[in-house]
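Here's the structure we're looking at; comments come further down.
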Amino acid sequence: MDGGHASYDGFRAQLLRQAGSRMARETGDHVLNPDLGPYARWTGVPRDAAVLIPVVIHEAEPTVILTLRTPHLSSHAGQIAFPGGKIDRTDGGPWQAALREANEEIGLDPQAAEKVAELAPYLTGSGYKVTPVVAGIRPGFSLQPNPGEVADIFEVPLSFLMNPANHLKQSRDWEGKPRYFYAMPYGERYIWGVTAGIIRSLYETVYG
């Protein structure tokens, strides 16, 4: 893809070829900020979490479902995110957790999702070890945002997200030093932080 408009089948095949061999590589906030370490703002045991990367298999061009979090949440309020959250003991793993969270947050029927691949865990400064799971979603599904967590649901072309020209490296001051992160502005949507980092990890897994 890499700036073009490759089919979903081509993207899926390339991801399956590459994912297994690239699971061991490090990915996370610390990649752009090596002096901070993988869990810059957390001193406890890392917490396991999972997110779903839902790729909608539109005939014209595949898209990715993203959410806008509600402004009143205690963490990452008002930010753009993938459906996801902590892995519960009853989940059985990242795939089950990602499906459960997607159902709770946006009403996605688990039966509508076909698992493609898990990516290398993404380590966050807030102490989470996040496993992203890529899934194909056939058109014809219905979504309903959970008003307690999700303010909006929208789709972004996969080609836009997989174009490295759209991966901006930006920074903000944190404890007197610049902290670097990826940002991918899309129209009025400002995709940044962990979400953009996971998208960058997906790009590097498939095309890097």
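Between Y180, Y190, which is in a strand (DSSP E or B), open to solvent by 50 Å² or more (accessible area, probe 1.4 Å), farther than 15 Å from F82 by Cα and in contact (Cβ under 8 Å) with a residue 24 or more places away in the chain?
Of the residues listed, the single one that is in a strand (DSSP E or B), open to solvent by 50 Å² or more (accessible area, probe 1.4 Å), farther than 15 Å from F82 by Cα and in contact (Cβ under 8 Å) with a residue 24 or more places away in the chain is Y180.
Does at least one position in region 138-149 carry a residue that is out of contact with any Lys or Arg (no Cβ under 9 Å at 6 or more places or on another chain), assigned to a loop (DSSP other than H, G, I, E, B), of a type in the set (G, A, S) and in contact (Cβ under 8 Å) with a residue 60 or more places away in the chain?
Scanning region 138-149 turns up at least one residue that is out of contact with any Lys or Arg (no Cβ under 9 Å at 6 or more places or on another chain), assigned to a loop (DSSP other than H, G, I, E, B), of a type in the set (G, A, S) and in contact (Cβ under 8 Å) with a residue 60 or more places away in the chain.
Which ones in region 122-141 are within 18 Å of R100 (Cβ to Cβ) and surrounded by fewer than 18 Cβ atoms within 10 Å (Cβ to Cβ)?
F141 - this is the single residue of region 122-141 that is within 18 Å of R100 (Cβ to Cβ) and surrounded by fewer than 18 Cβ atoms within 10 Å (Cβ to Cβ).
So that you can scan it fast, the table gives a plain yes or no per residue for (1) touching a helix residue (DSSP H, G or I) at 6+ places or on another chain (Cβ under 6 Å); (2) without any contact (Cβ under 8 Å) to a residue 24 or more places away in the chain:
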| position | (1), (2) |
| --- | --- |
| N33 | no, no |
| P46 | no, no |
| A50 | yes, no |
| A60 | no, yes |
| L66 | no, no |
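In region 89-109, which residues are outside any loop (DSSP other than H, G, I, E, B) and open to solvent by 50 Å² or more (accessible area, probe 1.4 Å)?
Answer for region 89-109, where residues must be outside any loop (DSSP other than H, G, I, E, B) and open to solvent by 50 Å² or more (accessible area, probe 1.4 Å): Q96, R100, N103, E104.
On the given criteria, is I153 β-branched (V, I, T), open to solvent by 30 Å² or more (accessible area, probe 1.4 Å) and under 23 Å from H58 (Cβ atoms)?
In short, yes.
State the number of residues belonging to region 8-46 that are open to solvent by 60 Å² or more (accessible area, probe 1.4 Å) and either in contact with a Leu (Cβ under 6 Å, 6 or more places away or on another chain) or modelled with pLDDT of 90 or more (or both).
Residues in region 8-46 being open to solvent by 60 Å² or more (accessible area, probe 1.4 Å) and either in contact with a Leu (Cβ under 6 Å, 6 or more places away or on another chain) or modelled with pLDDT of 90 or more (or both): 5 in total.
Which one of these does L119 not meet: (1) under 22 Å from T205 (Cα atoms); (2) at pLDDT below 95?
Of (1) under 22 Å from T205 (Cα atoms); (2) at pLDDT below 95, only one is false for L119: (2).
Would you mind listing the strands (runs of 3 or more DSSP E) fully within region 15-87 where at least 1 residues are touching a His at 6+ places or on another chain (Cβ under 7 Å) and under 26 Å from S159 (Cα atoms)?
63-69
Residue under question is L119, and the condition is that it be within 16 Å of V150 (Cα to Cα), open to solvent by less than 30 Å² (accessible area, probe 1.4 Å) and of a type outside the set (K, R); does it hold?
No.
The values are calculated or read from the model by the stated rules, or taken from the named source; none is laboratory data. What you see is a predicted model, and the numbers here were worked out from it, not measured in a lab. Neighbour counts run over all protein chains shown; Cβ positions are idealised from the backbone, glycine included. SASA here: full protein model, heavy atoms, side chains in, ligands and nucleic acids out. Shrake-Rupley method; radii C 1.70, N 1.55, O 1.52, S 1.80 Å.
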